[in-house]
1. Can you list the lysines whose alpha carbon sits under 18 Å from that of Lys96, skipping same-chain ones fewer than 8 residues off?
2. Counting alpha carbon pairs within less than 8 Å and at least 6 residues apart, what relative contact order, in whole percent, applies to the chain?
3. Could you tell me, in Å, what Rg and Dmax come out for the Cα atoms of the chain?
4. Using Cβ contacts closer than 10 Å as the measure, can you line up Ser110, Ser84, Ser102, Ser1 from fewest to most?
5. For Leu21, what residues show an amide H to amide H distance below 5 Å, using hydrogens built from the backbone and excluding near sequence neighbours?
Amino acid sequence: SDAMLAFIASGLLTHPEMVGLNPEYLHELMWGGAPRAALARALLAGKLFHFDINDGYRLKHDVDIGVGLVNPLDWLNVLVLLRSHGYNGPFNLDFKPPRTTSQFGVFEVSFPTAVDRFITLWEMAGEAISDPIIKEATDALKAGGGAVGTHDAEVVASANRELLTLHELIAHRLVQILLGLHRGRTFSIA
């Protein structure tokens, strides 16, 4: 993704406005990349034209597992990023259901459940964006802390100690949204 963004910005293209990225979540993982960081750079450059969605394992082969089955929390974060930056471009559901050989299995079972899971995660991302706890924590992070104008690491860390906990709060709240705990859903092993 980064190499393509650099090429687009290089001045070598006659019509750079016609060239964009079509990243795939799993390819970024397979190469040891950070899918959200690659997507963020493409979004900020205005070059995210299309997105192939699937899931899989970091530094492994291209298994094309359905979206959110391996990395549901990361997928929630990916979709929060896309929604918060107004992405409304196309998605391509790029997956092969494991151990499914029949047309019935693919098109009547696996495909509809993959689409449903994606839509559910997309809706959860919208909930996360509008969540008052996440919004308050995000606003506080944007406002920043104290100790402006110093290069003393201890002073900066001390002045911003409370801000460090906000990152943890946001991650915790995202897990609550993913599990439905923000709506009173409870789980029990008994």
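Every read-out reported here was derived from the displayed coordinates using simple, explicitly stated rules and does not represent laboratory data. All values reported here derive from a predicted model rather than from experimental measurement. Glycine gets a Cβ as well: all are built from the backbone with ideal geometry, and neighbour counts include every protein chain shown.
1. Lys60
2. Normalised by residue count, the contact order of the chain is 16 percent.
3. Reported Rg and Dmax, both Å: 19.7, 65.
4. Ser102, Ser84, Ser110, Ser1
5. Leu48, Phe49, His50
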